[in-house]
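Each remark here refers to the structure printed beneath this line.
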Amino acid sequence: MDENKDKACQHSLLGIYQPRHPENTVLYHVFQKYLETWITQTQEEGGYVPSHVEKDFRKYLECGLLCHGFARARCTCGHEYLVAFSCKWHGICPSCNARQMVETTAHLVDHVFPKAPVRQWVLEKPFINKILLLLDGVYKVDDYGKMRFHRIKAPELQELTQLVHTISHRVARFLERRGLLERDDEDSYLTLDCLDDEPMQQLHGT
């Protein structure tokens with residue numbers, strides 16, 4: 001085989017795949033050094049680490065390391081290189097989390113959403129992160145029987161305020177039913193009567 005062609009092929013391969021060496025990162029060093037200590041200390045203090053959490057940590061410590069398994073790839077030029085297995089756990093592993101986000105986004109764009117504007121709604125509370133993706137408009141059948149997309153305008157301040165009011169009221173009612181919140185008529189976080197304030201100020205009341 002032509003030597004120049006062989007070098008060009010190997011150069012192309014190196015440009016496609018580069019080992020990420022997670023063992024050289026600060027995050028890896030922290031978990032490697034303190035994981036066992038943290039688990040032991042938690043147990044000694046009467047607590048426990050859920051099995052799925054511990055498994056997530058241990059899988060991360062094996063992710064991307066050749067010593068824990070790899071695949072051998074071979075080019076038609078004869079060049080070979082090794083690709084370490086990934087943990088594929090979607091908890092703390094930055095690499096696998098990023099891969100999942102990219103794959104999910106590609107799936108939504110290619111197979112779920114039509115070619116239309118999409119608006120993202122995010123609700124963040126302690127230990128809760130809800131993301132909702134909705135078409136930024138509606139489909140309507142025209143006079144010829146075909147579906148046509150009609151984009152809607154962005155929500156106005158009053159609409160956002162009303163939405164925050166509804167969410168706050170429902171969350172507070174839910175916490176009341178669970179016995180986690182007591183109604184206080186002097187506070188406004190259950191009723192949110194002052195709808196002229198900024199929406200984020202209303203949300204802080206929850």
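The values are calculated or read from the model by the stated rules, or taken from the named source; none is laboratory data. As the structure is a computational prediction, the values presented were derived from the model and not from experiment. Cβ sites come from the backbone with ideal geometry, for glycine too, and all protein chains shown count toward neighbours.
N24 falls short on exactly one of the conditions (1) within 14 Å of C87 (Cβ to Cβ); (2) modelled with pLDDT of 90 or more, and that condition is (1).
Quick test of your reading of the structure: I39 fulfils all but one of (1) in a helix (DSSP H, G or I); (2) under 19 Å from the mean Cα position of the chain (by Cα). Name the failing condition by number. Going through (1) in a helix (DSSP H, G or I); (2) under 19 Å from the mean Cα position of the chain (by Cα) one by one, I39 breaks only (2). Scanning the range 136-159 for residues that are within 14 Å of P117 (Cβ to Cβ) and outside any strand (DSSP E or B) yields D136, I152, K153, A154, P155.
Residues are listed down the side, and each one gets a yes or a no for (1) touching a strand residue (DSSP E or B) at 6+ places or on another chain (Cβ under 9 Å); (2) under 19 Å from E124 (Cα atoms); (3) modelled with pLDDT of 80 or more:
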| residue | (1), (2), (3) |
| --- | --- |
| Q158 | no, no, yes |
| Q162 | no, yes, yes |
| T166 | no, yes, yes |
| V171 | yes, yes, yes |
| R183 | no, no, no |
| E186 | no, no, no |
| E198 | no, yes, no |
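For the range 167-180, state whether one or more residues are among the acidic types (D, E) and not in a helix (DSSP H, G or I). No, the conditions are met nowhere in the range 167-180. Anything in the range 74-110 that is in a strand (DSSP E or B) and hydrophobic (A, V, I, L, M, F, W, C)? List them, or say none. Once the filter is applied, which keeps residues that are in a strand (DSSP E or B) and hydrophobic (A, V, I, L, M, F, W, C), the range 74-110 yields L82, V83, A84. For the range 56-93, a residue qualifies if it is over 19 Å from Q18 (Cβ atoms) and basic (K, R), and the qualifying residues are R58, K59, K88. Inclusion of A71 among residues that are in a loop (DSSP other than H, G, I, E, B) and either under 14 Å from L133 (Cβ atoms) or out of contact with any helix residue (DSSP H, G or I) (no Cβ under 7 Å at 6 or more places or on another chain) (or both) is not warranted. Applying the criterion of being acidic (D, E) and surrounded by 15 or more Cβ atoms within 10 Å (Cβ to Cβ) to the residues of the range 55-99, the residue that is nearest to the chain's Cα centre (by Cα) is D56. Residue check: is V83 over 30 Å from V138 (Cβ atoms) and touching a helix residue (DSSP H, G or I) at 6+ places or on another chain (Cβ under 8 Å)? The answer is no for V83. Out of the range 40-95, which residues are closer than 19 Å to N24 by Cα, of a type in the set (G, A, S) and free of Cβ contacts under 8 Å to residues at least 60 places away in the same chain? Within the range 40-95, G64, G69, S86 qualify.
Of everything in the range 112-127, what is outside any strand (DSSP E or B) and in contact with an Asp or Glu (Cβ under 9 Å, 6 or more places away or on another chain)? Give them in sequence order.
A116, P117
Can you tell me which of (1) charged (D, E, K, R); (2) under 28 Å from H90 (Cβ atoms); (3) modelled with pLDDT of 85 or more; (4) outside any helix (DSSP H, G or I) is the one K130 doesn't meet? Of the numbered conditions (1) charged (D, E, K, R); (2) under 28 Å from H90 (Cβ atoms); (3) modelled with pLDDT of 85 or more; (4) outside any helix (DSSP H, G or I), the odd one out for K130 is (3).
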